[in-house]
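Okay, so here's the structure we're looking at.
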Amino acid sequence: RANARTSLRVHVGVTFQDIAGYDNVKVELQEVVEFVRNPEIFSQVGAKVPRGVLLEGPPGTGKTLFARAVAGEAGVGFFSISGSEFVEMFVGVGASRVRDLFTQAKKNAPCIIFIDEIDAVGRQRGAGIAGGNDEREQTLNQLLTEMDGFDENKGIIVLAATNRSDVLDRALLRAGRFDRRIVIDLPDMNTRTAILKVHARGKALDDAVVLENIARRTPGFSGAALQNLMNEAAIFAARRDHPQITEEDLDDALDRILLGPAKKQFSFSDYY
Ligand code: ATP
């Protein structure tokens, strides 16, 4: 069955504490946690809570992590699917997958539905060279129908992530659908330091290492890129039999990421 791939998990493990920095995003998402946890407080006074919240920002900035943390903070189930999965599907499967996803979620409310890469399925309709892709449009239409068709005060919130909000079909952003948007940008210097500290947890780090210095040298790095940097440094340390990750390991890991793997010395004998 198509819905076998829909993953239901309770991510009690992930909370806002696992995410460094981004206090403003946490404040906004804390509100979503309240909507999911206590929908009756809002319906009592006749308030309609949002059905959909769009998380937008560059790759690797923790959008998925934030979505999981919302479920974790609220202590509810988490259903996730990626927009790119729909696109790879056989004709007619995408729309029924969307239907299944919402059916499952309604049965298991309160819960969070997470749609990663929503732009893959949510691009503006009829914009393709060949006048659009029928299969994708059917899937998008089903998503719009489902967004309109569930009771907003029953503890279901749909979170969606994209780094291309500019290409989204405007129908998705209309009131009652993804009408809240939260921007998750690349981390600034202080946030980069905090992220490096999170990913240094559980790793043996030489006392002489100053993570602020690494943060200063990594403008433009996402949280995912910083996590990768710490891991590459740990691999260097292990290969060199260092008992702890040294500044040299971090320097070399950074060089490797910025310049690519070390090249073999150029030699004419390679060519003649
Ligand atoms: P993509 O757009 O590529 O799917 P994303 O924005 O969904 O990326 P995640 O997959 O959530 O990003 O982030 C990747 C990993 O980067 C996380 O699992 C986490 O380990 C790390 N990370 C990102 N941001 C942070 C942060 N602020 N604090 C700690 N770790 C972070």
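The values are calculated or read from the model by the stated rules, or taken from the named source; none is laboratory data. Every value quoted in this text rests on a predicted model; they were computed, and no experiment measured them. All Cβ positions, even for glycine, are placed from backbone atoms using ideal geometry, and neighbour counts span all protein chains on display.
Select from the range 236-255 the residues that are under 13 Å from L211 (Cα atoms) and touching a helix residue (DSSP H, G or I) at 6+ places or on another chain (Cβ under 6 Å) and list them in ascending order. Break it down stepwise before answering.
Quick first cut of the range 236-255, residues under 13 Å from L211 (Cα atoms) only: 245-251, 254.
Correct list: I245, D249, L250.
The residues of the range 199-252 that are exposed (fewer than 15 other Cβ atoms within 10 Å of the Cβ) and touching a strand residue (DSSP E or B) at 6+ places or on another chain (Cβ under 7 Å), listed by number, are K203, A204, Q244. Under the condition of being modelled with pLDDT of 90 or more, within 16 Å of the ligand (Cβ to nearest atom) and either surrounded by 23 or more Cβ atoms within 10 Å (Cβ to Cβ) or not in a loop (DSSP other than H, G, I, E, B) (or both), the residues counted in the range 83-119 number 7. Starting from residues that are of a type in the set (D, E) and away from the ligand (no atom under 16 Å from the Cβ), keep the ones in the range 146-181 and report whichever is modelled with the lowest pLDDT. The selected residue is E152.
R37 satisfies every condition listed in (1) more than 18 Å from the chain's Cα centre (by Cα); (2) surrounded by 22 or more Cβ atoms within 10 Å (Cβ to Cβ) except (2). Of all residues in the range 232-253, those that are closer than 14 Å to G202 by Cβ and in contact (Cβ under 8 Å) with a residue 40 or more places away in the chain have Cβ atoms under 8 Å from Cβ atoms of residues that are β-branched (V, I, T) and surrounded by 14 or more Cβ atoms within 10 Å (Cβ to Cβ), 6 or more apart or on another chain, in I245/V209. For the range 1-29, a residue qualifies if it is more than 15 Å from the ligand (Cβ to nearest atom) and either part of a loop (DSSP other than H, G, I, E, B) or modelled with pLDDT of 95 or more (or both), and the qualifying residues are R1, T6, V12. All but one of (1) surrounded by 23 or more Cβ atoms within 10 Å (Cβ to Cβ); (2) out of contact with any strand residue (DSSP E or B) (no Cβ under 8 Å at 6 or more places or on another chain); (3) on the phi < 0 side of the Ramachandran plot hold for K48; which doesn't? Every listed condition holds for K48 apart from (1). Only residues that are of a type in the set (A, V, I, L, M) and closer than 18 Å to N108 by Cα were counted in the range 137-176, giving 5.
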